[in-house]
1. For ALA121, what charge total do you get from the other residues with a beta carbon under 11 Å from its beta carbon, if Lys and Arg give +1 and Asp and Glu give -1?
2. In terms of the Cα gyration tensor, with a ≥ b ≥ c the square roots of its eigenvalues, is region 159-201 rounded because a/c is under 1.5, prolate because a/b exceeds b/c, or oblate?
3. If I compute solvent accessible area with a 1.4 Å probe over the protein chains, what percent of it on region 70-120 is carbon and sulfur?
4. Mean projection of the alpha-carbon convex hull of region 123-170 over all orientations, in nm²?
5. What base-10 log of the normalised intensity I(q)/I(0) is obtained for region 41-120 from the Debye formula, alpha carbons as equal point scatterers, at q = 0.13, 0.16 Å⁻¹?
6. So, for the chain, what is the accessible surface per residue at a probe of 1.4 Å, expressed in square angstrom?
7. Using only alpha-carbon positions, what ratio does the radius of gyration of region 1-46 give when scaled by 2.2 N^0.38 Å?
8. Work through the residues other than THR60 whose Cβ is under 13 Å from its Cβ and net out their charges, Lys, Arg +1 and Asp, Glu -1.
Amino acid sequence: MSNGKFIVIEGVEGAGKSRQCAILTDALNASGCAAVLTREPGGAPLAEAVRKLLLDPAYTPDAVTELYLYSAARRDHLNKIVFPALEAGKTVVCDRFIYSTLAYQGYGRGLNLDFIREVNARTIAPLKVDLGLFIDVSPEAGFARKGGADKTDRLERENLDFFNRVYDGFKTMCADGDLVPIDGSGEKEQTAANILQAVRRIL
Ligand code: Z5A
């Protein structure tokens, strides 16, 4: 279906995903490879509206409800932004994707991983991820970078055990070969160089 490449950057809170996605998109555009920056949950009007609901501490959805809300936002985002960009031959850089669903709703909340994989596969079909990167920064280090958790964000109210399970889930996906680990402990420029090196291998 697609001509462009679909690249995903994952990590825990404060790992530097947003910053690195922007740096990578700028670097690709500057080198003549047309690239679009987007994010999940969100990236399109309906998906951004769902994002607000998901992060709002006023609501208490269980893990299954979360899974379907993230998936609904994802399908809308793919239809409105990602599929058209890929069909136009552009590379898409996406801040979080299906690996976050496995990490947070699966490893974090305890929802069955095969169930999530099935929903993920049906939600994104016929898309395949060309490259999934995991910026390796521990939850403690990530929150320290951000100056602590944002308590107005429903998910950031979770305890450290939850975020450690999420982190371990990402590490398992790296060990399984689904994600490529990127050392995120250094300066932003070093992390950006590591990411660019991994991306060049698939372009
Ligand atoms: N979620 C889910 O549960 N299921 C799903 O399927 C999906 C998502 C898709 C929102 O995500 C929530 O959705 C998230 C997972 C869940 N839950 N939580 N909690 P989000 O991506 O919007 O939220 P976030 O992960 O909390 O983003 P963030 O805090 O903005 O983190 P970041 O994008 O990785 O970091 P950053 O904004 O680029 O940088 C953070 C700070 O660190 C900033 O001050 C930077 O200047 C600093 N920074 C960055 N790099 C460095 C380095 N190398 N050194 C020092 N300081 C640095």
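1. Charge balance in the 11 Å sphere: +1.
2. Judged from the Cα gyration tensor, region 159-201 comes out oblate (a/c at least 1.5, b/c at or above a/b).
3. On the way: 930 of 1760 Å².
Solvent-exposed carbon and sulfur of region 70-120 make up 53 percent of the total.
4. Values: hull surface 19.0 nm².
Convex hull of Cα atoms, orientation-averaged projection: 4.7 nm².
5. Debye output, listed in q order: -0.41, -0.61.
6. Ligands and nucleic acids excluded, the figure is 47 Å² per residue.
7. 1.25
8. Cβ neighbours under 13 Å give a net charge of -1.
The values are calculated or read from the model by the stated rules, or taken from the named source; none is laboratory data. Not measured: the values here are computed from a predicted model. Please note: Cβ atoms are built from the backbone with ideal geometry, for glycine as well, and neighbour counts cover all protein chains shown. Each accessible area value is taken on the protein alone, full model and side chains, heavy atoms only, with ligands, DNA and RNA left out. Shrake-Rupley method; radii C 1.70, N 1.55, O 1.52, S 1.80 Å.
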